[in-house]
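I have placed the structure first, in the form of structure tokens, so that the comments after it can refer back to it.
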Amino acid sequence: MGDTPQDWSEANRRWWDERVPIHLASDFYDVEGFRAGRSSLLDFEVAELGPVSGRSLVHLQCHVGLDTLSWARLGALVTGLDFSAPAVKAARELASSIGQPATFVAGDVYQAPALLRERYDIVYTGKGALCWLPDLEAWADVVVTLLRPGGALYVLEFHPFTDVFGDEDLTVGTRYFHTSQPLVWDTPGSYVDREAATTHNRTNEWGIPWGRW
Ligand SMILES: C[S@@+](CC[C@H](N)C(=O)[O-])C[C@H]1O[C@@H](n2cnc3c(N)ncnc32)[C@H](O)[C@@H]1O
């Protein structure tokens, strides 16, 4: 595996592609419960964003579409984008199985304006999305391009400070600010199942951009 931004992205995409079936079968994502009507959104997200009925919403890094389709159930006109083709395929199948209109597009978040060619009332993202992105300023440019004038960005994200500590205790395990190089992990399984058998285990992630925040 090489050491360019393209190599980092490819490794990450392989990691996600391989986890899609594991996630679809997991209690963590509870797809059957979702099909039966469960929302994957947290109450405070729905309260903070307010009524979405009839508003267009694009979900960046939508994974298998649970959050996207939860917004659709509340009346939003949704589009989800993710660079994992198996995730997008699963999201389309899920939308069709619950009879919920939705558009799902496969592609890199940095290519979203070119791929989507639309502007939206709401850009939504979160819960483990931003750590995969090497350039938050370029991501912010993407968001600005995707939003209609007066539109809203809603981000629900884990604070990167939590990544500084090890899994077992509060020993400092990794640096807080990132450099031009990613934080490289090589861990089998997934956060939904640490024992899951996997072969693509290397990821490249980012914390707080040094000197910008
Ligand atoms: C933890 S999920 C976040 C979605 C949602 N919170 C969830 O848990 O279902 C992260 C998603 O980001 C996607 N992703 C990572 N880097 C990406 C990129 N550069 N462009 C598009 N999608 C990307 C992955 O494929 C994955 O589906």
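Side notes on the structure shown:
- For residue 77, distant residues with modelled amide H under 5 Å away: 54, 55, 56, 57
- Carbon/sulfur fraction of accessible area - the chain, other protein chains in place, 1.4 Å, %: 56
- Loop-located GluC sites (Glu not before Pro) in segment 142-213, at most 10 other Cβ atoms within 10 Å (DSSP): 168, 195
- With respect to the chain, whose longest principal axis is taken over its alpha-carbon atoms, helix 5-24 is tilted by about 60°.
- For the set 118, 45, solvent exposure ranked by accessible area (probe 1.4 Å, protein chains only) runs largest to smallest as 118, 45.
- Pair residue 48, residue 158: separation of 7 Å Cα→Cβ label points (nm): 1.7
- Placed amide H near residue 84: partners under 5 Å, 5+ positions off or other chain: 107
- Taking the C-alpha atoms of segment 103-213, convex hull volume expressed per residue in Å³: 141
- Most tightly packed first, judged by the mean number of other beta-carbon atoms within 10 Å of their residues, the peptides 22-32, 175-185, 68-78 read 68-78, 22-32, 175-185.
- Peptides 143-150, 50-57 ranked from most to least packed give 50-57, 143-150, packing being the mean of other C-beta atoms within 10 angstrom over each peptide's residues.
- Coupling constants for segment 140-146 follow from the phi torsions by the Karplus curve (6.51 cos²θ - 1.76 cosθ + 1.60, θ = phi - 60°), and in residue order they are 5, 4, 4, 4, 4, 5, 7 Hz; glycine and proline get x.
- When its C-alpha radius of gyration is set against 2.2 N^0.38 Å (N residues), segment 5-160 gives a value of 0.98.
- Residues whose placed amide H lies under 5 Å from that of residue 153, excluding near-sequence neighbours: 123
- For segment 172-188, 3J(HN,Hα) computed residue by residue from phi via the Karplus equation (6.51, -1.76, 1.60; θ = phi - 60°) reads 5, x, 9, 6, 8, 8, 9, 9, 6, 9, x, 7, 9, 10, 9, 10, x Hz, glycine and proline entered as x.
- Relative to the longest principal axis of the Cα atoms of the chain, the long axis of helix 85-97 makes an angle of roughly 30 degrees.
- Potential extension, residue 114-residue 174 segment - 0.36 nm per residue separation minus Cα distance: 18.1 nm
- Spin-label model, residue 6/residue 196: points 7 Å from Cα along the beta carbon direction are separated by 2.9 nm.
- Centre separation in Å (Cα based) which lies between segment 20-58 and segment 89-122: 15
The values are calculated or read from the model by the stated rules, or taken from the named source; none is laboratory data. Owing to the predicted nature of the structure, the values given are computational and were not obtained by experimental measurement. Ideal geometry is used to build each Cβ from the backbone, glycine not excepted, and the neighbour counts take in all protein chains shown. Ligands, DNA and RNA are stripped out before the accessible areas are found, and what is left, the full protein with its side chains, is counted by its heavy atoms. Shrake-Rupley method; radii C 1.70, N 1.55, O 1.52, S 1.80 Å.
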